[in-house]
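> Here you go, one structure.
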Amino acid sequence: MLYLIAALAALAVGPLMGARAGPVREAEDGPRSALASVLEGLVMAAVPGLIFLEFVPSAVGEGEWGVLLVLLAGFALPVLAERSSRRGGKPVHRWALIAGLSGFLVHAALDGAALATLPAGSPASLPLAVILHRLPVGVAVWWLAAREINRPAGVVALAALMLATVAGYLIGAAADGALLDTAILDSGPLRLYQAAVGGSLVHVVIHQNGARATGRDRRGEGWGAILALALLLAVVVAGMDAGPHGPANFLSRLHVLSAESAPALLAAYLCAGLLSAFLPQRSVRWMARGSSVSQAGRGMLIGLPFPVCSCGVVPLYRSLVRRGAPPAAAMAFLVATPELGIDAILLSIPLLGPQVTVLRLATAALAALLVGWWVGGRLKTADPEPEPATAAGDRPGTLTRLGAALRTGTGEVVDHTAPWIILGLGVAALVTPVLESGWLAGLPPVADVFLFALLGFPTYVCAASATPLVAAFLATGLSPGAGIAFLITGPATNISTLGLVSSLHGRRAAIAFASVMVAFAVTSGVAVNAAFGALQVPSLAALMEETPSALQQISLVLLVALFLRSIVRRGLRRFVGELREGLGWAH
């Protein structure tokens with residue numbers, strides 16, 4: 001009973017905070033308080049975050065593609081309805097909100113039943129997870145209902161959630177817990193329904209109007225988003241669906257991937273700032289000499305030995321383009337840099353064997369040349385960013401330029417690349433269970449080449465970390481051509497890379513980049529299988545998961561601080577807006 005009271009009290013936090021926040025809509029009289037901006041940011045981050053953690057990791061891990069399709073349909077149908085309606089999006093938003101609230105009612109009843117059927121001696125973390133996740137739910141339900149309809153509607157919605165919780169608790173206390181688990185909690189149709197209405201609710205949150213231009217509102221929105229992220233993390237840690245494919249394992253994989261990428265990202269941000277402050281214009285002019293093939297060759301030669309992975313090359317590429325580097329050279333650099341490095345070559349020899357290592361080096365160089373010449377050579381060189389005007393003999397000192405480099409690298413460059421990096425790491429953490437499944441190695445030779453070339457896109461791995469992954473695939477019988485195809489697309493192409501290319505050069509350039517990379521990877525893989533057949537690959541019994549080092553953990557803390565600082569400074573809307581602009585999505 002104590003847990004039930006706490007769960008009901010958690011829902012009441014929403015109107016209590018809303019009463020102190022003042023107006024929830026711009027049309028209402030009175031100044032907008034800082035707390036209102038905080039609540040808005042909390043709702044914008046908490047609702048999509050809760051629905052994502054509830055459905056996406058488990059659906060991907062267990063192959064429940066129907067859940068993902070229904071979730072996407074629930075999000076997309078209101079968009080189509082808005083575009084076909086002459087009355088605009090307001091009625092659609094209200095119906096989508098009502099549908100989403102019905103899903104929350106079902107979930108509230110299940111929460112109540114879960115609290116009533118806790119096994120004897122169960123840890124307190126289980127009811128704590130239920131109570132914690134109801135804090136953002138209560139705030140979100142009241143805020144959205146009050147914003148889309150009116151304040152009394154928000155109170156009614158919360159009262160309905162409380163009644164549903166009590167009803168679920170009473171049913172759970174009176175019924176057999178095992179019966180509830182099999183008949184209700186694991187009901188497929190019920191899960192599909194919740195996914196559908198959850199997608200509609202995400203649509204309502206994302207398409208909220210009222211983006212503010214003032215710095216105070218953006219900062220409040222950013223702090224609200226950080227508060228939501230902290231609550232979501234607390235819910236997962238407390239025990240939200242701790243199964244093998246639940247949110248906890250997803251966050252664990254995300255942590256490992258982020259820690260492995262963090263040192264390279266910090267170095268890349270520093271290098272990007274140094275490029276903007278110290279790269280002389282004559283170096284850019286050197287890269288622009290000759291034809292597009294020559295320019296691509298210069299970018300490739302610089303990029304191949306450069307020790308930066310796929311996550312770190314994104315800010316470097318943006319800095320090169322902004323400095324006026326020719327697209328052919330910059331795009332060859334974008335492909336060559338993450339494809340190989342001294343560490344990857346040295347690691348490839350013992351894990352992949354000398355034959356595969358030579359083929360890997362040759363195909364990486366050819367991929368950079370082809371993409372730089374065919375894709376970059378058809379793009380227009382951007383006008384270089386103007387350098388600060390200085391009087392003769394009054395050139396800024398080294399310390400001044402270092403300070404400017406640090407501000408640029410940890411400020412502007414982070415602002416424009418952090419959303420794409422977060423998206424890329426998240427997608428990689430989601431698809432890892434699919435890549436680790438054994439059925440991939442049993443595909444026909446040509447089919448596995450094509451499939452592994454495609455699987456390289458969402459994978460967020462650097463050349464060194466991709467090496468043992470491919471070695472494990474090859475050791476289980478994967479064809480060498482498929483391994484080469486994955487090594488071409490895996491390190492050089494991911495969501496972050498394609499998003500940045502789209503935002504800088506347009507969607508056509510991103511599509512051309514992706515198409516050329518896939519076509520070349522498939523062609524190279526088929527050619528390797530046809531010309532060399534079965535190559536000798538060293539035996540690999542098992543790959544041990546490494547715990548992130550102290551350097552990686554410290555780097556990750558610094559990187560997270562930079563990303564959170566960007567969210568607070570820009571606000572959640574403008575932070576996520578980088579993705580919307582890059583993907584070409586209209587508001």
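> Do we have V470 as at pLDDT below 85, surrounded by 24 or more Cβ atoms within 10 Å (Cβ to Cβ), among the hydrophobic types (A, V, I, L, M, F, W, C) and more than 19 Å from the chain's Cα centre (by Cα) here? Reasoning before the result, please.
Values: at pLDDT below 85: yes; surrounded by 24 or more Cβ atoms within 10 Å (Cβ to Cβ): yes; among the hydrophobic types (A, V, I, L, M, F, W, C): yes; more than 19 Å from the chain's Cα centre (by Cα): yes.
Answer is yes for this residue.
> Now, a different point. List the helices (runs of 4 or more DSSP H) inside segment 26-129, counting only whole elements, that have at least 1 residues being modelled with pLDDT under 75. It would help to see each step written out before you state the result.
Working: elements: 34-62, 65-84, 90-116.
Ranges flagged: 65-84, 90-116.
> Testing T547 on (1) surrounded by fewer than 21 Cβ atoms within 10 Å (Cβ to Cβ); (2) at pLDDT 90 or above; (3) more than 23 Å from L454 (Cα to Cα); (4) not charged (D, E, K, R), one condition comes back false. Which one is that?
Unmet for T547, out of (1) surrounded by fewer than 21 Cβ atoms within 10 Å (Cβ to Cβ); (2) at pLDDT 90 or above; (3) more than 23 Å from L454 (Cα to Cα); (4) not charged (D, E, K, R): (2).
> Which condition from (1) at pLDDT below 75; (2) crowded, with 22+ Cβ neighbours inside 10 Å; (3) of a type in the set (S, T, N, Q) is the one that T489 breaks?
Only one criterion in (1) at pLDDT below 75; (2) crowded, with 22+ Cβ neighbours inside 10 Å; (3) of a type in the set (S, T, N, Q) is unmet by T489, namely (1).
> Answer yes or no as to whether S319 is over 27 Å from T410 (Cα atoms), polar (S, T, N, Q), modelled with pLDDT of 80 or more and in contact with a helix residue (DSSP H, G or I) (Cβ under 7 Å, 6 or more places away or on another chain).
Values: over 27 Å from T410 (Cα atoms): no; polar (S, T, N, Q): yes; modelled with pLDDT of 80 or more: yes; in contact with a helix residue (DSSP H, G or I) (Cβ under 7 Å, 6 or more places away or on another chain): yes.
Considered against the rule, which asks whether it is over 27 Å from T410 (Cα atoms), polar (S, T, N, Q), modelled with pLDDT of 80 or more and in contact with a helix residue (DSSP H, G or I) (Cβ under 7 Å, 6 or more places away or on another chain), S319 comes out as no.
> OK, next. May I ask you to verify whether L340 is surrounded by fewer than 15 Cβ atoms within 10 Å (Cβ to Cβ) and modelled with pLDDT under 85? Explain how you work it out, then say what you get.
Working: surrounded by fewer than 15 Cβ atoms within 10 Å (Cβ to Cβ): no; modelled with pLDDT under 85: yes.
So L340 fails the test.
> For segment 381-459, please list each of the helices (runs of 4 or more DSSP H) lying entirely inside it that holds at least 2 residues being at pLDDT below 75 and not assigned by TED's automatic domain parsing to the domain that holds V528.
Values: elements: 398-407, 413-436, 445-455.
The helices (runs of 4 or more DSSP H) meeting that bar number zero.
> In addition: Scan segment 470-502 for residues that are out of contact with any Phe, Trp or Tyr (no Cβ under 8 Å at 6 or more places or on another chain) and over 17 Å from A368 (Cβ atoms) and jot them down.
If the condition is that a residue be out of contact with any Phe, Trp or Tyr (no Cβ under 8 Å at 6 or more places or on another chain) and over 17 Å from A368 (Cβ atoms), then A471, A472, L474, A475, T476, G477, S479, G481, S502 are the ones that fit.
For every residue, the table says whether it meets (1) under 25 Å from L551 (Cβ atoms); (2) modelled with pLDDT under 80; (3) aromatic (F, W, Y).
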site	(1), (2), (3)
L229	yes, no, no
V236	no, no, no
P247	no, no, no
R285	no, yes, no
S291	no, no, no
P305	yes, yes, no
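> Answer with yes or no whether A157 is assigned to a helix (DSSP H, G or I) and at pLDDT below 85.
So A157 fails the test.
> Quick check, is A368 among the hydrophobic types (A, V, I, L, M, F, W, C), at pLDDT 85 or above and within 17 Å of N494 (Cα to Cα)?
Working: among the hydrophobic types (A, V, I, L, M, F, W, C): yes; at pLDDT 85 or above: yes; within 17 Å of N494 (Cα to Cα): yes.
Against the criterion (among the hydrophobic types (A, V, I, L, M, F, W, C), at pLDDT 85 or above and within 17 Å of N494 (Cα to Cα)), A368 qualifies.
> Related question: Among L170, L201, which is surrounded by fewer than 22 Cβ atoms within 10 Å (Cβ to Cβ), modelled with pLDDT of 60 or more and not in a loop (DSSP other than H, G, I, E, B)?
On the way: L201 fails: surrounded by fewer than 22 Cβ atoms within 10 Å (Cβ to Cβ).
Answer to the selection: L170.
The values are calculated or read from the model by the stated rules, or taken from the named source; none is laboratory data. Treat the numbers as computed from the prediction; the structure is a model and nothing was measured. Backbone-built Cβ (ideal geometry, glycine too); neighbour counts: all protein chains shown.
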